[in-house]
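K.L.:
Structure below; questions to follow.
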Amino acid sequence: MQPTRVIGLMSGTSVDGIDTALVEISGGDLDLKVELLAGETYPYSPQLREHILGLGAGTAMSMADVAAIDDAIAHNFAQAAQHIQIGHHRATLIGSHGQTVYHRPPQGLEELGYSCQLGRGAMIAHLTGITTVSNFRIADIAAYGHGAPLVPKVDAYLLSHHQEERCIQNIGGIGNVTYLPARSDDWLSQIRGWDTGPGNSLLDLAVQHFTSGTKSYDNNGDWAASGTPCYPLVEQWLSHEYFHLPPPKSTGRELFGITYLHDCLQDAQPYQLNSADFLATITELTAVSIVHSYDNFLPRRPHKVILCGGGSRNSYLKNRLQLLLGNVPVSTTDEFGLSAAFKEAIAFAVLAYWRNINIPGNLPAVTGAYQEMLLGEIHDNYR
Ligand SMILES: Nc1ncnc2c1ncn2[C@@H]1O[C@H](COP(=O)(O)OP(=O)(O)OP(=O)(O)O)[C@@H](O)[C@H]1O
Ligand SMILES: CC(=O)N[C@H]1[C@@H]2OC[C@@H](O2)[C@@H](O)[C@@H]1O[C@H](C)C(=O)O
(Lines give C-alpha, C1' and ligand atoms only; values in the text may rest on other atoms or scores of the structure.)
(Ligands and ions follow the chains in the order given, each with its own letter.)
Protein backbone atom coordinates (compact mmCIF):
# COMPACT_ATOMS: atom_id res chain seq x y z
CA MET A 1 0.00 0.00 0.00
CA GLN A 2 1.16 3.54 -0.81
CA PRO A 3 2.09 5.62 2.25
CA THR A 4 -0.24 8.51 3.13
CA ARG A 5 1.19 12.00 2.88
CA VAL A 6 0.15 13.95 5.99
CA ILE A 7 0.90 17.41 7.40
CA GLY A 8 1.21 17.86 11.16
CA LEU A 9 0.68 21.36 12.57
CA MET A 10 1.46 22.27 16.16
CA SER A 11 1.96 25.43 18.12
CA GLY A 12 2.76 24.74 21.74
CA THR A 13 2.78 26.59 25.02
CA SER A 14 5.87 28.64 24.04
CA VAL A 15 3.70 30.35 21.38
CA ASP A 16 6.84 30.80 19.29
CA GLY A 17 5.38 29.69 15.96
CA ILE A 18 3.82 26.87 14.01
CA ASP A 19 5.88 23.68 13.91
CA THR A 20 4.98 22.09 10.59
CA ALA A 21 5.92 18.60 9.44
CA LEU A 22 5.24 16.97 6.08
CA VAL A 23 5.45 13.23 6.54
CA GLU A 24 4.74 9.95 4.79
CA ILE A 25 3.00 7.45 7.04
CA SER A 26 2.28 3.76 6.54
CA GLY A 27 1.22 0.83 8.70
CA GLY A 28 -1.07 0.90 11.71
CA ASP A 29 0.40 0.81 15.19
CA LEU A 30 3.00 -1.96 15.66
CA ASP A 31 4.10 -1.62 12.03
CA LEU A 32 3.84 2.20 12.01
CA LYS A 33 6.40 3.89 9.76
CA VAL A 34 6.93 7.63 9.48
CA GLU A 35 9.27 9.48 7.17
CA LEU A 36 9.83 13.22 7.58
CA LEU A 37 9.91 14.88 4.15
CA ALA A 38 10.07 18.48 5.38
CA GLY A 39 9.94 20.37 8.67
CA GLU A 40 9.68 24.10 9.21
CA THR A 41 8.69 26.50 12.00
CA TYR A 42 6.67 29.50 10.82
CA PRO A 43 6.86 32.23 13.49
CA TYR A 44 3.75 34.19 14.45
CA SER A 45 3.87 37.93 13.89
CA PRO A 46 4.84 39.71 17.14
CA GLN A 47 1.32 41.23 17.34
CA LEU A 48 -0.49 37.90 16.98
CA ARG A 49 1.86 36.31 19.53
CA GLU A 50 1.14 39.13 21.97
CA HIS A 51 -2.62 38.73 21.47
CA ILE A 52 -2.44 34.94 22.01
CA LEU A 53 -0.32 35.31 25.16
CA GLY A 54 -2.63 38.07 26.41
CA LEU A 55 -5.70 35.90 25.88
CA GLY A 56 -4.06 33.01 27.72
CA ALA A 57 -2.94 35.26 30.58
CA GLY A 58 -6.43 36.62 31.17
CA THR A 59 -6.30 40.01 29.42
CA ALA A 60 -9.89 41.24 29.11
CA MET A 61 -11.04 41.21 25.49
CA SER A 62 -14.28 41.13 23.54
CA MET A 63 -15.62 38.02 21.84
CA ALA A 64 -15.01 39.86 18.55
CA ASP A 65 -11.31 40.07 19.45
CA VAL A 66 -11.23 36.36 20.34
CA ALA A 67 -12.87 35.52 16.99
CA ALA A 68 -10.26 37.61 15.15
CA ILE A 69 -7.43 35.77 16.95
CA ASP A 70 -9.05 32.39 16.20
CA ASP A 71 -9.37 33.27 12.49
CA ALA A 72 -5.82 34.63 12.31
CA ILE A 73 -4.47 31.39 13.81
CA ALA A 74 -6.44 29.28 11.30
CA HIS A 75 -5.14 31.42 8.42
CA ASN A 76 -1.55 31.13 9.68
CA PHE A 77 -1.88 27.35 10.08
CA ALA A 78 -3.35 27.01 6.58
CA GLN A 79 -0.50 29.10 5.14
CA ALA A 80 2.03 26.92 6.94
CA ALA A 81 0.38 23.82 5.45
CA GLN A 82 0.48 25.32 1.96
CA HIS A 83 4.08 26.45 2.28
CA ILE A 84 5.50 23.15 3.54
CA GLN A 85 4.20 21.40 0.40
CA ILE A 86 6.20 23.56 -2.03
CA GLY A 87 8.40 21.22 -4.04
CA HIS A 88 6.54 18.10 -2.82
CA HIS A 89 3.53 16.08 -3.92
CA ARG A 90 0.36 17.29 -2.22
CA ALA A 91 -0.70 15.90 1.15
CA THR A 92 -4.11 14.28 1.53
CA LEU A 93 -4.56 14.84 5.24
CA ILE A 94 -3.75 17.48 7.87
CA GLY A 95 -3.54 16.94 11.62
CA SER A 96 -3.78 20.31 13.32
CA HIS A 97 -3.30 20.58 17.07
CA GLY A 98 -4.13 24.29 16.99
CA GLN A 99 -2.99 26.80 19.58
CA THR A 100 -3.71 26.09 23.24
CA VAL A 101 -4.95 29.22 24.99
CA TYR A 102 -6.45 27.62 28.08
CA HIS A 103 -6.10 24.27 29.84
CA ARG A 104 -7.94 23.23 32.98
CA PRO A 105 -7.24 19.68 34.11
CA PRO A 106 -10.13 17.80 35.75
CA GLN A 107 -10.31 18.86 39.42
CA GLY A 108 -11.61 15.51 40.71
CA LEU A 109 -12.77 12.09 39.54
CA GLU A 110 -16.30 13.32 38.81
CA GLU A 111 -15.24 16.54 37.09
CA LEU A 112 -14.52 17.15 33.44
CA GLY A 113 -11.46 19.10 32.38
CA TYR A 114 -11.45 21.79 29.72
CA SER A 115 -8.86 22.54 27.07
CA CYS A 116 -9.20 25.18 24.38
CA GLN A 117 -7.18 25.12 21.15
CA LEU A 118 -7.83 27.91 18.63
CA GLY A 119 -7.48 27.72 14.83
CA ARG A 120 -10.61 25.96 13.61
CA GLY A 121 -10.05 22.81 11.57
CA ALA A 122 -12.96 23.51 9.20
CA MET A 123 -11.30 26.78 8.18
CA ILE A 124 -7.97 25.05 7.59
CA ALA A 125 -9.71 22.34 5.50
CA HIS A 126 -11.47 24.98 3.44
CA LEU A 127 -8.43 27.21 2.97
CA THR A 128 -6.09 24.35 2.00
CA GLY A 129 -8.55 22.03 0.25
CA ILE A 130 -7.20 19.20 2.42
CA THR A 131 -9.22 17.10 4.89
CA THR A 132 -8.21 18.29 8.35
CA VAL A 133 -8.41 16.58 11.72
CA SER A 134 -8.43 18.98 14.68
CA ASN A 135 -9.63 19.36 18.29
CA PHE A 136 -7.77 16.25 19.43
CA ARG A 137 -8.10 16.72 23.17
CA ILE A 138 -11.86 16.94 23.63
CA ALA A 139 -12.75 13.24 23.19
CA ASP A 140 -10.31 12.20 25.92
CA ILE A 141 -11.61 14.99 28.19
CA ALA A 142 -15.21 13.85 27.58
CA ALA A 143 -14.08 10.42 28.85
CA TYR A 144 -12.89 12.11 32.09
CA GLY A 145 -9.27 12.26 30.96
CA HIS A 146 -6.89 15.21 31.08
CA GLY A 147 -6.78 15.45 27.29
CA ALA A 148 -2.97 15.51 27.69
CA PRO A 149 -0.37 14.35 27.08
CA LEU A 150 -1.46 12.73 23.80
CA VAL A 151 1.96 12.12 22.28
CA PRO A 152 2.83 9.04 24.44
CA LYS A 153 1.09 6.51 22.19
CA VAL A 154 2.99 7.84 19.19
CA ASP A 155 6.23 7.72 21.22
CA ALA A 156 5.40 4.11 22.07
CA TYR A 157 5.32 2.99 18.46
CA LEU A 158 8.21 5.11 17.24
CA LEU A 159 10.69 5.01 20.12
CA SER A 160 10.17 1.90 22.26
CA HIS A 161 12.80 -0.82 22.46
CA HIS A 162 12.75 -4.57 23.07
CA GLN A 163 15.20 -4.51 25.99
CA GLU A 164 15.51 -0.92 27.17
CA GLU A 165 13.20 1.13 29.34
CA ARG A 166 13.17 4.68 28.02
CA CYS A 167 11.89 8.07 29.11
CA ILE A 168 11.07 10.39 26.23
CA GLN A 169 11.24 13.86 27.76
CA ASN A 170 9.75 16.77 25.84
CA ILE A 171 10.98 20.17 27.00
CA GLY A 172 8.68 22.71 25.37
CA GLY A 173 7.05 25.57 27.26
CA ILE A 174 5.82 22.84 29.59
CA GLY A 175 7.73 19.56 30.06
CA ASN A 176 6.12 16.17 29.58
CA VAL A 177 7.44 12.64 29.76
CA THR A 178 6.53 9.31 28.21
CA TYR A 179 7.85 6.29 30.11
CA LEU A 180 8.27 3.35 27.75
CA PRO A 181 8.90 -0.05 29.34
CA ALA A 182 10.75 -2.60 27.23
CA ARG A 183 8.43 -4.10 24.61
CA SER A 184 7.07 -7.30 26.12
CA ASP A 185 3.65 -8.97 26.34
CA ASP A 186 1.88 -6.30 28.33
CA TRP A 187 4.19 -3.34 27.73
CA LEU A 188 1.41 -1.08 26.41
CA SER A 189 -0.51 -1.17 29.69
CA GLN A 190 2.66 -0.20 31.59
CA ILE A 191 3.34 2.96 29.61
CA ARG A 192 3.03 6.09 31.70
CA GLY A 193 3.17 9.77 30.91
CA TRP A 194 2.48 13.13 32.52
CA ASP A 195 3.38 16.80 32.40
CA THR A 196 6.51 17.23 34.52
CA GLY A 197 5.95 20.99 35.08
CA PRO A 198 7.81 23.97 33.64
CA GLY A 199 9.96 23.36 30.56
CA ASN A 200 11.10 26.66 29.09
CA SER A 201 8.05 28.76 30.03
CA LEU A 202 9.54 30.32 33.19
CA LEU A 203 13.02 30.62 31.66
CA ASP A 204 11.67 32.45 28.61
CA LEU A 205 9.60 34.80 30.77
CA ALA A 206 12.60 35.50 33.01
CA VAL A 207 14.83 36.28 30.01
CA GLN A 208 12.15 38.63 28.67
CA HIS A 209 11.92 40.24 32.12
CA PHE A 210 15.68 40.82 32.44
CA THR A 211 16.09 42.13 28.87
CA SER A 212 12.90 44.23 28.82
CA GLY A 213 11.62 42.02 26.02
CA THR A 214 14.62 42.36 23.68
CA LYS A 215 15.46 38.65 24.09
CA SER A 216 12.92 35.84 24.22
CA TYR A 217 15.00 32.85 25.40
CA ASP A 218 18.39 31.85 26.81
CA ASN A 219 20.22 30.62 23.72
CA ASN A 220 21.98 27.34 24.49
CA GLY A 221 21.47 28.14 28.20
CA ASP A 222 24.65 30.27 28.09
CA TRP A 223 23.31 33.00 30.36
CA ALA A 224 22.15 30.53 33.02
CA ALA A 225 25.47 28.66 32.70
CA SER A 226 27.30 31.83 33.80
CA GLY A 227 25.36 31.85 37.09
CA THR A 228 25.05 29.61 40.14
CA PRO A 229 21.82 27.93 41.22
CA CYS A 230 20.44 28.88 44.62
CA TYR A 231 19.53 25.48 46.09
CA PRO A 232 17.41 26.67 49.05
CA LEU A 233 15.14 28.35 46.49
CA VAL A 234 14.99 25.23 44.33
CA GLU A 235 13.96 23.26 47.44
CA GLN A 236 11.34 25.87 48.33
CA TRP A 237 9.86 25.88 44.81
CA LEU A 238 9.85 22.08 44.67
CA SER A 239 7.32 22.06 47.49
CA HIS A 240 4.70 23.32 44.97
CA GLU A 241 1.82 20.86 45.17
CA TYR A 242 1.89 20.14 41.42
CA PHE A 243 5.25 18.36 41.73
CA HIS A 244 3.85 16.03 44.40
CA LEU A 245 0.59 15.20 42.65
CA PRO A 246 0.66 11.61 41.33
CA PRO A 247 -0.11 11.07 37.62
CA PRO A 248 -2.33 11.30 35.63
CA LYS A 249 -1.60 15.00 35.65
CA SER A 250 -1.31 17.86 33.20
CA THR A 251 -0.61 21.55 33.46
CA GLY A 252 0.02 24.70 31.46
CA ARG A 253 0.90 28.37 31.55
CA GLU A 254 -2.09 28.84 33.89
CA LEU A 255 0.12 27.40 36.66
CA PHE A 256 3.66 27.94 35.36
CA GLY A 257 3.27 31.32 33.67
CA ILE A 258 3.80 34.98 34.44
CA THR A 259 2.17 34.96 37.91
CA TYR A 260 4.38 32.06 39.01
CA LEU A 261 7.46 33.88 37.69
CA HIS A 262 6.55 37.00 39.68
CA ASP A 263 6.22 34.82 42.81
CA CYS A 264 9.66 33.34 42.09
CA LEU A 265 11.22 36.79 41.64
CA GLN A 266 9.76 37.81 44.98
CA ASP A 267 11.00 34.64 46.70
CA ALA A 268 14.48 35.36 45.29
CA GLN A 269 14.72 38.88 46.73
CA PRO A 270 16.25 37.89 50.11
CA TYR A 271 19.03 36.02 48.27
CA GLN A 272 19.99 39.07 46.15
CA LEU A 273 20.61 36.92 43.08
CA ASN A 274 21.87 38.51 39.89
CA SER A 275 20.05 37.69 36.65
CA ALA A 276 22.43 34.83 35.74
CA ASP A 277 22.00 33.21 39.18
CA PHE A 278 18.22 33.56 38.90
CA LEU A 279 18.21 31.90 35.44
CA ALA A 280 20.49 29.13 36.74
CA THR A 281 18.06 28.58 39.63
CA ILE A 282 15.01 28.40 37.34
CA THR A 283 16.91 26.01 35.04
CA GLU A 284 17.76 23.87 38.05
CA LEU A 285 14.09 23.77 39.09
CA THR A 286 13.20 22.53 35.61
CA ALA A 287 15.86 19.81 35.69
CA VAL A 288 15.28 18.72 39.29
CA SER A 289 11.48 18.64 38.90
CA ILE A 290 11.88 16.31 35.91
CA VAL A 291 14.22 13.90 37.70
CA HIS A 292 12.21 14.01 40.96
CA SER A 293 9.09 13.04 39.05
CA TYR A 294 10.89 9.96 37.63
CA ASP A 295 12.07 9.00 41.11
CA ASN A 296 8.63 9.54 42.61
CA PHE A 297 6.34 8.10 39.97
CA LEU A 298 8.25 5.42 38.01
CA PRO A 299 8.99 1.86 39.14
CA ARG A 300 12.71 2.62 38.63
CA ARG A 301 14.94 4.94 36.63
CA PRO A 302 14.95 4.16 32.89
CA HIS A 303 17.97 2.93 30.95
CA LYS A 304 17.91 6.01 28.74
CA VAL A 305 16.44 9.51 28.77
CA ILE A 306 15.80 10.87 25.29
CA LEU A 307 15.00 14.57 24.92
CA CYS A 308 12.95 16.48 22.39
CA GLY A 309 11.42 19.96 22.07
CA GLY A 310 13.21 23.31 22.02
CA GLY A 311 14.70 22.78 25.49
CA SER A 312 16.77 19.88 24.13
CA ARG A 313 18.88 22.61 22.47
CA ASN A 314 19.66 24.18 25.84
CA SER A 315 23.07 22.60 26.55
CA TYR A 316 23.20 23.88 30.12
CA LEU A 317 19.81 22.33 30.95
CA LYS A 318 20.84 19.11 29.23
CA ASN A 319 24.09 18.99 31.22
CA ARG A 320 22.23 19.58 34.48
CA LEU A 321 19.85 16.73 33.64
CA GLN A 322 22.79 14.47 32.83
CA LEU A 323 24.45 15.31 36.13
CA LEU A 324 21.28 14.61 38.11
CA LEU A 325 20.68 11.33 36.25
CA GLY A 326 24.20 10.03 36.83
CA ASN A 327 24.84 6.92 34.73
CA VAL A 328 21.55 7.14 32.76
CA PRO A 329 22.62 8.57 29.40
CA VAL A 330 20.76 11.65 28.15
CA SER A 331 20.46 12.10 24.39
CA THR A 332 17.93 13.53 21.91
CA THR A 333 15.42 11.83 19.62
CA ASP A 334 17.53 13.05 16.66
CA GLU A 335 19.99 10.31 17.60
CA PHE A 336 17.15 7.79 17.24
CA GLY A 337 16.06 8.94 13.80
CA LEU A 338 13.20 11.18 14.94
CA SER A 339 13.49 14.96 14.70
CA ALA A 340 13.59 16.50 18.20
CA ALA A 341 12.34 19.81 16.83
CA PHE A 342 9.38 18.40 14.90
CA LYS A 343 8.38 15.36 16.96
CA GLU A 344 5.20 16.98 18.29
CA ALA A 345 4.12 18.12 14.81
CA ILE A 346 4.89 14.62 13.51
CA ALA A 347 2.82 13.16 16.36
CA PHE A 348 -0.26 15.14 15.38
CA ALA A 349 0.15 13.95 11.79
CA VAL A 350 0.17 10.37 13.13
CA LEU A 351 -2.84 11.02 15.40
CA ALA A 352 -4.79 12.39 12.38
CA TYR A 353 -3.76 9.34 10.33
CA TRP A 354 -4.90 7.02 13.15
CA ARG A 355 -8.21 8.91 13.45
CA ASN A 356 -8.77 8.41 9.75
CA ILE A 357 -8.30 4.64 10.03
CA ASN A 358 -10.16 4.41 13.35
CA ILE A 359 -7.22 3.70 15.64
CA PRO A 360 -7.64 5.31 19.10
CA GLY A 361 -4.95 7.87 19.98
CA ASN A 362 -5.08 8.20 23.77
CA LEU A 363 -3.59 5.94 26.42
CA PRO A 364 -6.06 5.82 29.33
CA ALA A 365 -3.25 4.96 31.79
CA VAL A 366 -1.61 8.26 30.81
CA THR A 367 -4.53 10.68 30.52
CA GLY A 368 -6.82 9.10 33.12
CA ALA A 369 -9.67 8.62 30.62
CA TYR A 370 -11.88 5.60 31.36
CA GLN A 371 -11.43 4.21 27.85
CA GLU A 372 -9.51 4.52 24.60
CA MET A 373 -10.98 7.14 22.28
CA LEU A 374 -10.79 8.12 18.64
CA LEU A 375 -9.15 11.53 18.86
CA GLY A 376 -9.99 14.49 16.68
CA GLU A 377 -12.83 15.84 14.59
CA ILE A 378 -12.62 15.26 10.85
CA HIS A 379 -13.33 18.25 8.60
CA ASP A 380 -13.73 17.10 5.03
CA ASN A 381 -12.51 19.16 2.16
CA TYR A 382 -15.71 20.28 0.45
CA ARG A 383 -14.00 22.15 -2.35
N1 LIG B 1 18.94 27.03 20.86
C2 LIG B 1 18.17 27.06 21.94
N3 LIG B 1 18.70 27.22 23.17
C4 LIG B 1 17.95 27.26 24.28
N5 LIG B 1 16.60 27.14 24.27
C6 LIG B 1 16.00 26.97 23.07
C7 LIG B 1 16.74 26.91 21.85
N8 LIG B 1 15.86 26.73 20.84
C9 LIG B 1 14.63 26.68 21.40
N10 LIG B 1 14.71 26.83 22.73
C11 LIG B 1 13.61 26.88 23.70
O12 LIG B 1 12.55 26.06 23.23
C13 LIG B 1 11.32 26.79 23.27
C14 LIG B 1 10.41 26.28 22.19
O15 LIG B 1 10.27 24.90 22.34
P16 LIG B 1 9.09 24.10 21.67
O17 LIG B 1 8.83 24.65 20.32
O18 LIG B 1 9.42 22.66 21.81
O19 LIG B 1 7.90 24.47 22.65
P20 LIG B 1 6.37 24.32 22.43
O21 LIG B 1 6.09 23.22 21.46
O22 LIG B 1 5.81 25.66 22.14
O23 LIG B 1 5.87 23.91 23.89
P24 LIG B 1 5.00 22.64 24.42
O25 LIG B 1 5.77 21.40 24.10
O26 LIG B 1 4.89 22.93 25.88
O27 LIG B 1 3.68 22.70 23.76
C28 LIG B 1 11.72 28.25 23.10
O29 LIG B 1 10.75 29.10 23.65
C30 LIG B 1 13.06 28.29 23.86
O31 LIG B 1 12.83 28.50 25.22
C1 LIG C 1 -3.08 21.55 26.70
C2 LIG C 1 -1.81 21.46 25.95
O3 LIG C 1 -1.68 22.00 24.88
N4 LIG C 1 -0.84 20.73 26.53
C5 LIG C 1 0.45 20.49 25.90
C6 LIG C 1 1.52 21.30 26.64
O7 LIG C 1 2.78 21.20 26.00
C8 LIG C 1 3.52 20.15 26.61
C9 LIG C 1 2.55 19.56 27.58
O10 LIG C 1 1.75 20.69 27.90
C11 LIG C 1 1.72 18.47 26.87
O12 LIG C 1 1.07 17.62 27.76
C13 LIG C 1 0.71 19.01 25.86
O14 LIG C 1 1.17 18.76 24.57
C15 LIG C 1 1.72 17.59 24.04
C16 LIG C 1 1.91 17.79 22.60
C17 LIG C 1 0.86 16.31 24.27
O18 LIG C 1 -0.35 16.40 24.33
O19 LIG C 1 1.46 15.23 24.30
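K.L.:
When the accessible area of segment 1-145 is split by element with a 1.4 Å probe, what percent falls to carbon and sulfur?
P.N.:
Numbers: 3680 of 6690 Å².
Carbon with sulfur: 55 percent of the solvent-accessible area.
K.L.:
Let a ≥ b ≥ c be the square roots of the eigenvalues of the Cα gyration tensor of segment 1-149; is it rounded (a/c under 1.5), or, if not, prolate (a/b larger than b/c) or oblate?
P.N.:
Details: a/c = 2.22, a/b = 1.27, b/c = 1.74.
In terms of gyration-tensor shape, oblate.
K.L.:
In angstroms, what radius of gyration and Dmax does segment 152-201 have, counting Cα atoms only?
P.N.:
Looking at segment 152-201, its Cα Rg and Dmax stand at 11.4, 38 Å.
K.L.:
Can you tell me how segment 328-376 classifies by the Cα gyration tensor, rounded, prolate or oblate, using a/c under 1.5 as the rounded cut?
P.N.:
Details: a/c = 3.48, a/b = 1.60, b/c = 2.17.
It comes out oblate by the Cα gyration axes.
K.L.:
Can you give the FRET efficiency to the nearest 0.05 for Ile357 and Ser184, using r as the Cβ-Cβ distance and R₀ = 25 Å? Display every interim value, and only then the final one.
P.N.:
On the way: r = 26 Å, r/R0 = 1.03.
The value I calculate is 0.45.
K.L.:
With a 1.4 Å probe and every protein chain left in place, tell me how much accessible area His161 has, in Å² to the nearest 10.
P.N.:
50
K.L.:
Normalised by the number of residues in the chain, what is the relative contact order in percent for Cα pairs under 8 Å and 6+ residues apart?
P.N.:
Details: 839 pairs, mean separation 84.1, N = 383.
RCO, the chain: 22 percent.
K.L.:
With a cut-off of 8 Å between alpha carbons and a minimum separation of six or more residues, what is the relative contact order of segment 104-160 in percent?
P.N.:
32
K.L.:
So which lysines pass the test for Lys215, namely a Cα distance under 30 Å, with those fewer than 8 places away in the same chain ruled out?
P.N.:
In chain and number order, the partners are Lys318, Lys343.
K.L.:
Moving on. Would you please classify the overall shape of segment 80-215 from the alpha carbon gyration tensor, given that a ≥ b ≥ c denote the square roots of the eigenvalues, rounded means a/c under 1.5, and beyond that prolate means a/b larger than b/c while oblate covers the rest? Before the final figure, lay out each step's value.
P.N.:
Numbers: a/c = 1.36, a/b = 1.12, b/c = 1.22.
Rounded shape, in that the Cα axes give a/c under 1.5.
K.L.:
Taking only the alpha-carbon atoms of the chain, what semi-axes of the equivalent ellipsoid follow from 5 times the gyration tensor eigenvalues under a square root, in whole Å, largest first?
P.N.:
On the way: eigenvalues 193, 125, 76 Å².
The answer is 31, 25, 20 Å, longest axis first.
K.L.:
Suppose all protein chains stay in the model; what accessible area per residue would a 1.4 Å probe give for the chain, in Å²?
P.N.:
On the way: 16300 Å² over 383 residues.
Per-residue accessible area for the chain comes out at 43 Å².
K.L.:
Between Asn327 and Asp71, what is 0.36 nm times their sequence separation minus the Cα-Cα distance? Round to one decimal in nm. Present the calculation step by step, with values, prior to reporting the outcome.
P.N.:
Details: separation 256, 0.36 × 256 = 92.16 nm, distance 4.86 nm.
Fully extending the segment from Asn327 to Asp71 adds 87.3 nm.
K.L.:
Here is a follow-up. What is the distance in Å between the Cα centroid of segment 287-339 and that of segment 218-274?
P.N.:
18
K.L.:
Related question: Give, in nm to one decimal, the length gained when the segment between Leu30 and Asp267 is fully stretched (0.36 nm per residue of separation minus the Cα-Cα distance).
P.N.:
Numbers: separation 237, 0.36 × 237 = 85.32 nm, distance 4.86 nm.
Contour length minus the Cα-Cα distance gives 80.5 nm.
K.L.:
Right, here's the next one. Got a number for carbon plus sulfur as a percent of segment 238-307's accessible area, 1.4 Å probe?
P.N.:
Looking at segment 238-307 in its full context, I get 50 percent from C and S.
K.L.:
Can you tell me which aspartates and glutamates have their Cα less than 18 Å from the Cα of Lys33? Leave out same-chain residues fewer than eight positions away.
P.N.:
Glu24, Asp155, Asp334, Glu335, Glu344
K.L.:
Measuring from a point 7 Å past the Cα of Arg300 along Cα-to-C-beta, which residues in segment 164-179 have an amide N at less than 15 Å?
P.N.:
164-167
K.L.:
Expected output is a single nm value to one decimal: the length gained when fully extending between Ser45 and Ser226, i.e. 0.36 nm times separation in residues minus the C-alpha distance. What is it?
P.N.:
Additional length available on full extension: 62.0 nm.
The values are calculated or read from the model by the stated rules, or taken from the named source; none is laboratory data. Remember, it's a predicted structure, so these values are computed and weren't measured experimentally. All Cβ positions, even for glycine, are placed from backbone atoms using ideal geometry, and neighbour counts span all protein chains on display. When the accessible area is computed, the model is the full protein with side chains, heavy atoms only, and any ligands, DNA or RNA have been set aside. Shrake-Rupley method; radii C 1.70, N 1.55, O 1.52, S 1.80 Å.
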